[in-house]
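Read through the structure below, which is laid out as structure tokens, and then see the notes.
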Amino acid sequence: MITAGIDIGSITAKAAVLNDGKILGTRVLFTGYNAKQAGRMVLDELIREIDMSMDAINAVVSTGYGRNSVDFADKAVTEITCHGTGAHFIDPEIRFIVDVGGQDSKVIRIDETGRVLDFAMNDKCAAGTGRFLEVMARALEVDLDAFGPLSLQADAASKISSICTVFAESEVISLISKGETRENIIAGIHDAAASRISAMARRVGIVPPVMMTGGVAKNIGAVRALETRLETPIRVSPHAQVNGAIGAAILARKL
Amino acid sequence: MTEQNIADLEKEKRKIKSVAKMKEIMTTYYIEAKTAAESGKKVAWITSGGPVEFLIAMDVIPVYPENHGAMIGASKMGVDLCEKAEEMGYSRDLCSYARADIAAAPINGGPIGGLPRPDFLVCCNNICGTVLKWYEVMARYFDVPLFILDTPFIHKEFSPAAKKYVIDQTYEYIAFLEAQTGKKMDYDRMHEVSRLAVEGLRLWQAVLDTAAHKPAPMTAFDAFFHLALIVTLRGTQTTVDYYRQLLAEMEQRIKDGIAMVPNEKYRLLWDNLPVWYRTKWLSEKFASHDACLVGDTYTSAWSGVMDLIDPDNFIESGAVAYSSVYINVSLDKMFDTLAALIRKYDVDGLVMHSNRSCKPYSFGQYDLQKMVMERLGIPTLMIEADMVDARSFSESQIETRIDAFMEKLKT
């Protein structure tokens with residue numbers, strides 16, 4: 001059975017097409033302002049890439065903030081459930097997921113079947129999210145992709161005390177003017193985000209093994225900072241950013 | 001008949017008929033309060049947890065800034081008034097009832113064109129500490145006397161010294177009222193008011209208890225609405241008569257098998273004040289998942305202490321009862337109340353509103369959440385919002401949390 005999962009996030013739209021437990025392909029696009037169009041486009045591009053027709057797809061599940069705007073989906077499921085299902089599919093040993101996306105971060109505890117036991121999400125604040133890192137990258141004039149490798153070269157992480165994205169940005173600017181190195185500042189930014197996520201994770205109760213998903217999982221510096229804060233190794237799959245879409249495609253098999 | 005007709009009929013059948021009577025009573029009450037000066041009656045502003053019975057016995061019209069705050073919230077006028085208060089210099093961290101009410105006073109703002117001018121104020125701090133400063137601000141603004149009734153927080157037990165302290169203040173309260181009204185307290189009348197207050201509380205609790213029936217004839221959202229009388233006009237015959245009518249309607253609904261949420265499958269308990277400007281949205285959101293909020297910690301807070309009140313000794317027993325309300329006690333005691341509600345209504349989950357405005361209600365919720373999950377094995381959901389200030393409500397975040405929580409309950 002061929003199924004598709006579409007995850008419309010605040011920054012990117014992701015699609016995954018699976019055939020009975022085998023990933024046929026995945027794709028990521030910027031969401032832009034039209035979530036409905038982004039959902040259609042990301043799937044169109046993906047099926048063209050894997051040389052398939054829309055008719056071959058038996059069922060579609062949408063997820064993410066734009067889940068209800070995907071009008072061709074058979075069902076909308078929250079990203080909490082999809083990330084649980086996706087992580088379990090990628091690595092059945094996983095019991096805890098930290099998903100850091102564009103506008104929110106969440107922690108999810110799952111059982112041995114991938115079922116969600118408990119979850120928590122950040123409140124109305126961008127600190128500790130992908131958007132937070134984007135704002136900081138702009139302030140530092142560093143490409144976001146370079147954030148991870150650069151932070152690993154820090155000799156000591158700077159201290160960013162504010163938990164507010166806007167205030168943290170001005171704190172970063174004052175650190176720059178004090179002559180602090182970019183490497184140290186970036187390491188400090190990762191630690192600030194990690195400490196916020198860690199507080200949320202501890203509230204739900206960390207049960208290893210832990211997997212990190214979402215776009216921010218591509219940032220090795222963020223992953224290392226979180227490992228230090230959570231005091232446990234973190235597994236990152238090559239499909240971290242499309243984990244929610246994969247989970248959605250798996251749930252589509254049950255329709 | 002078309003499908004639409006049938007759906008409309010179904011909807012009409014589920015409507016609570018007593019609502020009209022309730023609206024009529026509240027309208028009459030506010031007209032009386034606003035024309036009090038013409039009819040020669042005194043008006044006192046009082047906190048929601050304050051001992052209103054003494055005012056009723058002295059023929060003083062009680063007016064509730066908190067009830068006003070709830071009306072402002074439900075009329076979606078909260079943001080505008082909160083912003084006005086912030087322009088006046090009040091912090092956004094201050095309770096939104098306080099902000100809305102303080103801002104409404106000088107401009108006669110809000111859905112009823114402002115509250116009637118008070119002759120004096122009565123502030124009881126069993127519900128929070130904010131009311132002390134809020135009432136001081138209002139007393140200064142209107143240049144009227146303020147009586148403060150201080151109810152010590154109960155950590156483990158209510159000590160004899162604390163009890164004496166509150167009883168002594170109750171006598172001071174009576175003396176204050178006698179001075180303000182220029183007449184003596186009629187203790188026979190006071191006894192009658194106490195009896196009516198307890199009767200009203202028992203009837204209100206009986207109304208809430210009908211939701212223990214499966215399916216529930218009413219939801220917490222209905223309780224939020226019908227609560228107004230037990231808060232504002234406790235100790236009057238009007239309140240007793242109304243709740244008797246409402247109880248009869250609920251019992252009839254049970255007999256007729258009328259459920260408020262069609263296809264009720266999941267039963268949930270609500271914690272904290274309502275999100276007044278989003279009750280309809282939340283109610284529909286939960287109903288779309290076949291979930292019914294069958295009970296809550298808020299509307300049962302008034303009747304929660306009724307067993308402590310002895311109408312034959314209201315001054316002493318009332319002092320204990322007023323000090324023992326849900327948010328003036330330790331987390332352990334709050335957990336006991338919460339656990340009893342969870343059992344009584346036989347719920348599948350607990351929805352906690354982390355209310356930015358109400359610190360004493362929201363502080364400790366994470367601990368309570370943990371206690372409920374660990375000791376009772378009941379799943380919980382935390383949503384962050386505010387009772388009146390809609391700027392603290394993020395629809396898509398809250399929608400995702402509710403949807404995910406319901407997905408979890410369904411699997």
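The values are calculated or read from the model by the stated rules, or taken from the named source; none is laboratory data. Bear in mind that the values here come from a model prediction, so they are computed numbers and not experimental data. Counting neighbours? That spans all protein chains shown, and the Cβs are built from the backbone with ideal geometry, glycine included. These accessible areas exclude ligands, DNA and RNA; they are computed on the full protein's heavy atoms, side chains included. Shrake-Rupley method; radii C 1.70, N 1.55, O 1.52, S 1.80 Å.
Taking only the range A:194-219 into account, find how many residues are open to solvent by 20 Å² or more (accessible area, probe 1.4 Å) and outside any helix (DSSP H, G or I).
Number of matching residues: 5.
Quick one: which of B:R375, B:R343 is among the basic types (K, R), more than 14 Å from every other protein chain (Cβ to nearest Cβ) and more than 24 Å from B:H226 (Cβ to Cβ)?
None of the other options fit; the residue is B:R375.
Kindly list, by first and then second residue, each pair from a residue in the range B:142-158 that is under 20 Å from B:E178 (Cα atoms) to a residue that is open to solvent by 40 Å² or more (accessible area, probe 1.4 Å), limited to pairs with Cβ atoms under 7 Å and residues at least 6 apart or on different chains.
These pairs meet every condition: B:V144/B:D119; B:P145/B:Q180; B:L146/B:E136; B:I148/B:L132.
Hey, could you check the range A:28-38 for residues that are surrounded by 16 or more Cβ atoms within 10 Å (Cβ to Cβ) and touching a helix residue (DSSP H, G or I) at 6+ places or on another chain (Cβ under 7 Å) and say which is nearest to the other protein chains (Cβ to nearest Cβ)?
In this case the residue turns out to be A:A35.
Would you point out which residue out of B:D312, B:D336 is open to solvent by 20 Å² or more (accessible area, probe 1.4 Å) and free of Cβ contacts under 8 Å to residues at least 40 places away in the same chain?
Values: B:D312 fails: free of Cβ contacts under 8 Å to residues at least 40 places away in the same chain.
So the residue among B:D312, B:D336 that is open to solvent by 20 Å² or more (accessible area, probe 1.4 Å) and free of Cβ contacts under 8 Å to residues at least 40 places away in the same chain is B:D336.
Filter the range A:115-147 for residues that are of a type in the set (G, A, S) and crowded, with 20+ Cβ neighbours inside 10 Å; which is farthest from A:A187 (Cα to Cα)?
Here the residue is A:A120.
Of all residues in the range B:366-384, how many are touching a Lys or Arg at 6+ places or on another chain (Cβ under 7 Å) and open to solvent by less than 20 Å² (accessible area, probe 1.4 Å)? Show your work before the answer.
Within the range B:366-384, the subset touching a Lys or Arg at 6+ places or on another chain (Cβ under 7 Å) is B:366, B:379, B:381, B:383-384.
Those left that are additionally open to solvent by less than 20 Å² (accessible area, probe 1.4 Å): B:381, B:383.
Number of matching residues: 2.
How many of the residues making up the range A:230-255 are out of contact with any Cys (no Cβ under 7 Å at 6 or more places or on another chain) and not in a loop (DSSP other than H, G, I, E, B)? Show your work before the answer.
Just the residues of the range A:230-255 that are out of contact with any Cys (no Cβ under 7 Å at 6 or more places or on another chain), to begin with: A:230-243, A:245-246, A:249-250, A:252-255.
Subsequent filtering for residues that are not in a loop (DSSP other than H, G, I, E, B) retains A:230, A:234-236, A:240-243, A:245-246, A:249-250, A:252.
Counting residues in the range A:230-255 that are out of contact with any Cys (no Cβ under 7 Å at 6 or more places or on another chain) and not in a loop (DSSP other than H, G, I, E, B) gives 13.
Restricting the search to the range A:42-64, which residues are part of a loop (DSSP other than H, G, I, E, B) and surrounded by 17 or more Cβ atoms within 10 Å (Cβ to Cβ)? I'd like the intermediate steps shown before the answer.
Step one: list which residues in the range A:42-64 are part of a loop (DSSP other than H, G, I, E, B), which gives A:50-53, A:57-58, A:64.
Within the range A:42-64, A:M52, A:I57, A:G64 qualify.
Which ones in the range B:10-30 are open to solvent by less than 100 Å² (accessible area, probe 1.4 Å) and without any contact (Cβ under 8 Å) to a residue 12 or more places away in the chain?
Listed by number, the residues that qualify are B:E12, B:A20, B:T27, B:T28.
So B:D332 ticks every box in (1) more than 14 Å from every other protein chain (Cβ to nearest Cβ); (2) touching a Leu at 6+ places or on another chain (Cβ under 7 Å) but one. Which box is left unticked?
(2)
Of all helices (runs of 4 or more DSSP H) completely enclosed by the range A:69-160, which ones contain at least 1 residues that are hydroxyl-bearing (S, T, Y), within 13 Å of chain B (Cβ to nearest Cβ) and within 26 Å of A:A4 (Cβ to Cβ)?
Correct list: A:79-90.
So in the range B:44-92, with the set limited to residues that are touching a Gly at 6+ places or on another chain (Cβ under 8 Å) and hydrophobic (A, V, I, L, M, F, W, C), which one is surrounded by the fewest Cβ atoms within 10 Å (Cβ to Cβ)?
Step by step, filter the range B:44-92, then rank; the result is B:M77.
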